[in-house]
Number of protein chains: 4
Amino acid sequence: MFQDLINEALETGRPYIKEGEVATYIPELGRADKNKLGISIFCRDGSRFSCGDTKDRFSIQSISKVISLAVALEVCGFDMVFENVGMEPSGDAFNSLIKLEGSNSHPYNPMINSGAIAVASFIEPKVSFEEMLELARCFCQDDGIVLDEKVYRSEMSTVARNRAIAYLLESKGVINGNVEEALDFYVKMCSLSVTAESLAGLGLLLANDGVDPSGKRLLNSDTVRVVKTIMLTCGMYDGSGEFAVRVGIPSKSGVGGGLLSVVDGKMGIGIYGPSLDAKGNSIAGRKILQFLSSQMKLHIFAKKD
Amino acid sequence: MFQDLINEALETGRPYIKEGEVATYIPELGRADKNKLGISIFCRDGSRFSCGDTKDRFSIQSISKVISLAVALEVCGFDMVFENVGMEPSGDAFNSLIKLEGSNSHPYNPMINSGAIAVASFIEPKVSFEEMLELARCFCQDDGIVLDEKVYRSEMSTVARNRAIAYLLESKGVINGNVEEALDFYVKMCSLSVTAESLAGLGLLLANDGVDPSGKRLLNSDTVRVVKTIMLTCGMYDGSGEFAVRVGIPSKSGVGGGLLSVVDGKMGIGIYGPSLDAKGNSIAGRKILQFLSSQMKLHIFAKKD
Amino acid sequence: MFQDLINEALETGRPYIKEGEVATYIPELGRADKNKLGISIFCRDGSRFSCGDTKDRFSIQSISKVISLAVALEVCGFDMVFENVGMEPSGDAFNSLIKLEGSNSHPYNPMINSGAIAVASFIEPKVSFEEMLELARCFCQDDGIVLDEKVYRSEMSTVARNRAIAYLLESKGVINGNVEEALDFYVKMCSLSVTAESLAGLGLLLANDGVDPSGKRLLNSDTVRVVKTIMLTCGMYDGSGEFAVRVGIPSKSGVGGGLLSVVDGKMGIGIYGPSLDAKGNSIAGRKILQFLSSQMKLHIFAKKD
Amino acid sequence: MFQDLINEALETGRPYIKEGEVATYIPELGRADKNKLGISIFCRDGSRFSCGDTKDRFSIQSISKVISLAVALEVCGFDMVFENVGMEPSGDAFNSLIKLEGSNSHPYNPMINSGAIAVASFIEPKVSFEEMLELARCFCQDDGIVLDEKVYRSEMSTVARNRAIAYLLESKGVINGNVEEALDFYVKMCSLSVTAESLAGLGLLLANDGVDPSGKRLLNSDTVRVVKTIMLTCGMYDGSGEFAVRVGIPSKSGVGGGLLSVVDGKMGIGIYGPSLDAKGNSIAGRKILQFLSSQMKLHIFAKKD
């Protein structure tokens, strides 16, 4: 019966695919099949549900910002991270430079590119990319996660704007360590290949207070609380506010078509749907989550019994 | 024992009073006693707790935006409100004009002045100020709420920037009805005199899904969910994101020193503390809520059992 | 022979009419005949040349900012004017609010709406509109200048954005006197009806150091120098820089289709061509001036012999 | 007697030295002696006047933008340059990124860093730095001009913001050729060591329509006209408009303390005064030029006889 609801959710989202487009600003992303659609739900009680293209690999893109933020909070601490990066939604596009212009300004939050590049520079001297890859596999319960070399090279070939952001951060003293290495680290993290199932696994970890299904604590409770809050306020680019109102589930999207959602205390949801709306969010994914939130009362402020 | 905790919370906040200042841009607000501090908590089970200056009247200021949004959703509907006003945190100051500059732009959300003036213009042709006053009394369970004529006149004497915002909205076709009447309505709503107890009453109504303590439904469930979400993402001016991370309780502050908080499904909290931080939030109030959130696990993403 | 050149200039400009549009944001301006085109040149030696629709009346619009600035410099003095209004090109649109956003900001220059409304507020308490009308007639050597009541009323019916600017200025303490009266004064000045000949007359006055053809000094030498410089750097909206490079003649355009040019020490030029380019400048007028500047070596930095 | 006037001008400017500061954001510039002051004037009739520290070498900094623009116009042509860089004053600081934010935006003009880096990228594939150095020597009539290696290395060590600008330009397709080589070329041009006399030589070349004192044409008439116009509207950072009003002489300043001025058809002026005002212009230099402009009627719109 839950499976039926998920199937229905998928079909509710599917018609919107044609209204969106796959991302093209990174050439390799433009090769995605716009019609792919899949959803996986991993519940805290151990049950798992999938429907559609949930084993297709795609690049994680901005959803990696969640992993990086979590690791940064663990290895660098809350204070170091948030002395240099804010916690505020910016109201501007994810790759905006405007709010970096003022003399005292720093990145508004860790979910926009500038904030995530700063966070990458905090982690990079302490945790190697290979270690991060291993952590990603653990968090997502997916040993199949690898660096997608094609995406990585494609993104590095069109990285000028992010490099501009990185050097602007350096000029403000926000970068810790070497700029080019931070940038490389950031792009590699964006190029991890995941599936809808990987994201459901990551979502479950966050829904379960940082404890994995085997009962092992991978992340501290404080880290997880911070991450979920920032996903809620900043996770869906400059559509985060509307998404919070309409869906009310902490989520993070990536332009590779992935969507990570955390129903706190209950389940992790992973969606793959590379047809994007104008703000860079999976267009079918948004609709699926809106349907599920409404049907299953998953909104953070859904009526309490 | 709960009373002890509340007393302790108050004392935790009190030392911060001296680091803030009362608002002065509206002359009458500058006459507030910076050292006042009080907190009231009204629980869903009917119990009520107060400590400090909880019967002092002060002007509601921006907290009235919560009442106006709720009424607008009820009488105009979700679509009319949000066709003309966004749901996004802006990342800019509450009285900013920057994001109104573009040709298609509209107010980012109903918690900043531009959004609230637009909302006032939607309500004003349908609900008189006298009716709004009556609604405010019901929502807050406080028949003592009145229009503070001194504050109203003081604010009207320095209203030039808000009038500029109102006319800019008119030039964009966002204002419904007469500009000057919308502005007058907006300023009157800001000039309602409330107490910490009034705010606790309003908070309880929202915590209880729009049903008042007598069991009467005053607001629809959908309205209440939207209002709480927007309070969470936009309620603390441009400090909303950080407050969500650190406290995680939907709240709305006013420069009169009031702070309204909603612990969903549990309780309403009202605080009066007119010494403000640089962003316009009650400085002691923020600390009190952070203490209570931490001690009582009130954060929306506090560990679920 | 000079007449032949002027005729040729007019025909050089005429084909561009179809690439532009008349202004429509003030309804009454939208009734202009797009195909009208005329040029008048009044030389310092007393000779006068005209071609095309040089006796058609149209509303002066922004060209009145030149008259107002000149009068403000005479009656209020350089210091009062430029303590409150800058002399810098803004790089933004004429009705922009962006650069007024900061706490210490003031209008960038007297040729954009915000600056001109401020200037109007400086003059209005000292010089009545009737006196300004008389001054305009003297400056332009045209007794036929009147207030076009239709344009004035039409503009007042769509004045919301300028009113917003006026109140924003008041909130910054830039307005001297009453806001509404300053705004009314500003709009009336924009609604003066002139001809291409009127503008040639005004241009000649400025070209001749403030001395009219009868030998009477109407403006001080310093005033005229300031006005010409600001026309050069700020007179053609956000196309002023390019116009200075390509044409190099101090000019001021209005969305009514007028174009005032001053060939310093030599002649005044008035053009009427209500088909506008995207920046609000007469599209044929620009081409005509570019032709004349090139043919007659009128650029301020044309090769000196 | 003219020498007396120049001496007087220098003394008029000297007291302002103490109100400014040498530039420090490039460490090597911070070593300049704030009290240095010198002025050279080279006239079209061959006479030359100097006073003060006119043989001291200092780094040309932004004044090199004039040389680069002139060379770009000669070797790339007007169209290529201005398809990618505007001619408009920006109203923002010289190192601002704001107006580059929009999707179609390009640098506002060739006198701000973004525009000059773009221009460097146009030239660099066609003219080597060694050739540029030789051209600079010819234009300035100063064989002593060399690359100041210390300044070059110092600037490269703090080049992050300009590198950010360069990569942002690349992301917009404005850069022609290799970004790093364009940036290196740009920084090298800024690191040329000149004297007040060099600048007077360059000023004379521009005053004399591109023909050097020996009668040899080094630059086309059109190039020189464009360069002078852009110096007038954009040459003094975001103080260009006020400088045009008060002084009215096409000029370009550099944070090394140099000031290049062109009295069209008459003379070139070079000033060295490393104590800068808040906008980055030589504070004594500005006062000296204002004095000379007033005394000698050098303003472009000074009263014509």
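The values are calculated or read from the model by the stated rules, or taken from the named source; none is laboratory data. Worth saying up front: this structure is predicted, and the values here are computed from it rather than measured. We place every Cβ from the backbone using ideal geometry, glycine too, and count neighbours over all the protein chains shown. Just so you know, the surface numbers come from the protein's heavy atoms only, side chains and all, with ligands and any DNA or RNA stripped out. Shrake-Rupley method; radii C 1.70, N 1.55, O 1.52, S 1.80 Å.
Assorted remarks:
- Which listed residue, of B:Ser128, B:Ser157, B:Ser64, B:Ser96, is within 22 Å of A:Pro89 (Cβ to Cβ), among the hydroxyl-bearing types (Ser, Thr, Tyr) and either touching a residue at least 24 places away in the same chain (Cβ under 8 Å) or out of contact with any strand residue (DSSP E or B) (no Cβ under 7 Å at 6 or more places or on another chain) (or both): B:Ser96
- Single condition D:Asn208 does not satisfy, out of (1) open to solvent by 10 Å² or more (accessible area, probe 1.4 Å); (2) touching a Phe, Trp or Tyr at 6+ places or on another chain (Cβ under 7 Å): (2)
- Criterion (within 19 Å of the chain's Cα centre (by Cα), surrounded by 22 or more Cβ atoms within 10 Å (Cβ to Cβ) and within 24 Å of A:Cys190 (Cβ to Cβ)) met by exactly one of A:Lys65, A:Lys36: A:Lys65
- Some residue of segment D:26-48 being under 30 Å from C:Pro107 (Cα atoms) and either in a loop (DSSP other than H, G, I, E, B) or not basic (Lys, Arg) (or both): no
- Hits in segment B:199-219 (condition: within 11 Å of chain A (Cβ to nearest Cβ) and among the polar types (S, T, N, Q)): B:Asn208
- Looking only at segment A:165-194, residues that are in a loop (DSSP other than H, G, I, E, B), open to solvent by 10 Å² or more (accessible area, probe 1.4 Å) and either among the charged types (D, E, K, R) or more than 11 Å from chain D (Cβ to nearest Cβ) (or both) come to 4 in all.
- Apart from one condition, D:Ala70 fits all of (1) open to solvent by less than 10 Å² (accessible area, probe 1.4 Å); (2) farther than 17 Å from D:Arg225 by Cβ; (3) aliphatic (A, V, I, L, M); the exception is (2).
- Residues that are modelled with pLDDT of 90 or more, polar (S, T, N, Q) and either under 30 Å from A:Lys150 (Cβ atoms) or crowded, with 19+ Cβ neighbours inside 10 Å (or both) do not occur anywhere in segment A:86-98.
- Figure legend. Inter-residue proximity from segment D:174-201: first residues at positive phi, second residues open to solvent by less than 10 Å² (accessible area, probe 1.4 Å), beta-carbon distance below 8 Å, spacing 6+ or different chains. Indicated pairs: D:Gly177/D:Ser121.
- Failed item in (1) under 24 Å from C:Asn7 (Cα atoms); (2) not in a loop (DSSP other than H, G, I, E, B), with C:Phe82 passing the rest: (1)
- Criterion violated by D:Gly258 - all others in (1) more than 11 Å from chain C (Cβ to nearest Cβ); (2) free of Cβ contacts under 8 Å to residues at least 40 places away in the same chain satisfied: (2)
- Candidates in segment D:130-163 are the residues that are open to solvent by less than 20 Å² (accessible area, probe 1.4 Å) and not in a loop (DSSP other than H, G, I, E, B); of these, the one that is nearest to D:Leu218 (Cα to Cα) is D:Phe139.
- Residue within segment C:222-234 that is touching a Leu at 6+ places or on another chain (Cβ under 7 Å), away from chain D (no Cβ under 14 Å) and touching a residue at least 12 places away in the same chain (Cβ under 8 Å) present: no
- Residue list for segment A:111-129, restricted to those being open to solvent by less than 10 Å² (accessible area, probe 1.4 Å) and within 11 Å of chain B (Cβ to nearest Cβ): A:Met111
- The listed residue being open to solvent by less than 10 Å² (accessible area, probe 1.4 Å) and out of contact with any strand residue (DSSP E or B) (no Cβ under 7 Å at 6 or more places or on another chain), out of B:Val262, B:Val247: B:Val247
- Some residue of segment B:91-108 being within 17 Å of the chain's Cα centre (by Cα), under 21 Å from A:Met236 (Cβ atoms) and not aliphatic (A, V, I, L, M): yes
- The set of residues in segment A:284-305 that are surrounded by 24 or more Cβ atoms within 10 Å (Cβ to Cβ) and β-branched (Val, Ile, Thr) contains only A:Ile288.
- Residues in segment D:7-28 that are under 30 Å from D:Asp212 (Cβ atoms) and crowded, with 16+ Cβ neighbours inside 10 Å: 3 in all.
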